[in-house]
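Following: one structure in structure tokens, then a few remarks.
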Amino acid sequence: MTELNKKIRLQLSLHNYLFVILLLLIVAMLAYLALENRMQWDVSQNGRNSLSQASRQILQKLNGSVEITAYATEKDANLGNLRQIMGDFVALYQRAKPDMTLTFINPVENPRLAKDAGVSVNGEMVIVFKGRREHLTVINEQTLTNALMRLAREDATQIMALTGHGERKLDGAANYDLGEFGKQLLVNGISSATVNLAVEQEVPAKTRLLVIASPQIDLMPGEVDRLLAYINRGGNLLWLVDQESLRGLMPLAERLQLTLLPGVVVDPQAQQLNAPITFALGTDYGQHAITNDFNYITVFPFSRQVVINHESEEWRGVSLVDVALEGWVETGDLEGEIIFDQLYDVAGPVSIAAALSRVVEDEEQRIVVVGSGHFIANMYLGNGGNLDFGINLINWLVGDDNLITIQPRAARDSQLILSETTLTMMVVGFLIALPLIFLLSGAFIWWHRRRR
């Protein structure tokens, strides 16, 4: 009996030792995995503590290291520990791009370095990528990601806008103009200038994109000839066409083998959402680089139908946006009640935007025609995904396919404010009650085992 008890105690001791060894091994493995693999979850509202998908996509397209120098003091009168705030913010980017570095320089202790760098305010960042640099004085995800987008462009991109016929201006402030869109292009590293073909002999040779934005008077035949010469030599084009006359540009439509039918698209679905029935809602997008992974609603006021010649042997055409699945192209008067007329109106769905491409001298020529100039006008740019769609159009047309993405949004700031009573309860619960419960539980288990 004594030998049996000894054997049992020996087995229990071996089991205990084995359990302790296995437990230590598990703890060691967990510690190793924690060091080698870092995981985190952002449960804050709007994911404010993590990067948006758009920012991560831009970082993936930056081939090369990014150097950030922050000229900031240790403390700021308003923000407190300024360096920690900036370091925590940049760390979000560094997790997605490990070769991004952050260096701090105190502008008070090193005024010469700050002056040589062109720094004007405390907390200013200087971002360097492949020899190009950007300065940021306002630090948030939208401003930093947009700066990285500008640095990602190989060179300054300039587009030319046709002028002289009352076109929408890329720097205009009127509701009809495209000034706000022009500002967003500048943020993305794209500048613009104008060309008047009544004065200039041709579209400048270095033009990466020509924009024709809703002329209000007819172009002269000589201007149309110069425009067609630009197309024939492989120039890229964005043509915004409203429901009015083509203003002498019928030869351009024929050259592109497009049919631009008269009438305005009517979309009953928009009316159900308390929008004018003449606002076509874009929800069905074609298979194209411009619309890849694009699932935002777009709004095209007073749009017209754009029909592609799919049998063309010269142009490869893709319908970018189909609207008005339950609507039609209204060819009659828009006053009063609008009713579908089977004899004259065209039933939906209706294509209102087309992308064309062909190869000219071993280079791809790219053209987009949109049957609404209103969609990126100052009055309507903020509707749905209009801005994103417009920027994607431009990026594709100038050949920056790798920058086609959803534009980063400024994150809403929010705070969790707890009352003093709630804070007291949390402190008592986590710092006193829980440890006391664990201690009493351990003491009870020890006492219970001693009684056996």
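For the reader, a short list of remarks on this structure follows.
- The set of residues in segment 306-317 being surrounded by fewer than 22 Cβ atoms within 10 Å (Cβ to Cβ) and of a type outside the set (Val, Ile, Thr) consists of 309, 310, 311, 312, 313, 314, 315, 316.
- Hits in segment 325-335 - residues which are under 34 Å from the mean Cα position of the chain (by Cα) and either assigned to a loop (DSSP other than H, G, I, E, B) or not assigned by TED's automatic domain parsing to the domain that holds residue 277 (or both): 325, 326, 327
- Per-region count, segment 262-282, residues in a loop (DSSP other than H, G, I, E, B) and loosely packed, with under 15 Cβ neighbours inside 10 Å: 4
- Index of the failed condition, residue 78 passing every other in (1) more than 18 Å from residue 137 (Cβ to Cβ); (2) loosely packed, with under 12 Cβ neighbours inside 10 Å: (1)
- Residue match in segment 105-121 (condition: at pLDDT 90 or above, part of a strand (DSSP E or B) and at negative phi): yes
- Breaking point among (1) surrounded by fewer than 23 Cβ atoms within 10 Å (Cβ to Cβ); (2) free of Cβ contacts under 8 Å to residues at least 60 places away in the same chain; (3) in a strand (DSSP E or B), for residue 356: (2)
Every residue, every condition in (1) in a helix (DSSP H, G or I); (2) assigned by TED's automatic domain parsing to the domain that holds residue 232; (3) modelled with pLDDT under 95; (4) out of contact with any helix residue (DSSP H, G or I) (no Cβ under 7 Å at 6 or more places or on another chain), yes or no:
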{"residue": "337", "(1), (2), (3), (4)": "no, yes, yes, yes"}
{"residue": "343", "(1), (2), (3), (4)": "no, yes, yes, yes"}
{"residue": "365", "(1), (2), (3), (4)": "no, yes, no, yes"}
{"residue": "384", "(1), (2), (3), (4)": "no, yes, yes, yes"}
{"residue": "411", "(1), (2), (3), (4)": "no, no, yes, no"}
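- The residues listed here are 148, 209; of these, the one that is at pLDDT 85 or above and within 30 Å of residue 105 (Cα to Cα) is 148.
- Matching residues in segment 318-335 - criterion: being among the β-branched types (Val, Ile, Thr), modelled with pLDDT of 90 or more and surrounded by fewer than 22 Cβ atoms within 10 Å (Cβ to Cβ): 318
The values are calculated or read from the model by the stated rules, or taken from the named source; none is laboratory data. All values reported here derive from a predicted model rather than from experimental measurement. Cβ: placed from backbone, ideal geometry, glycine included. Neighbour counts: every protein chain shown.
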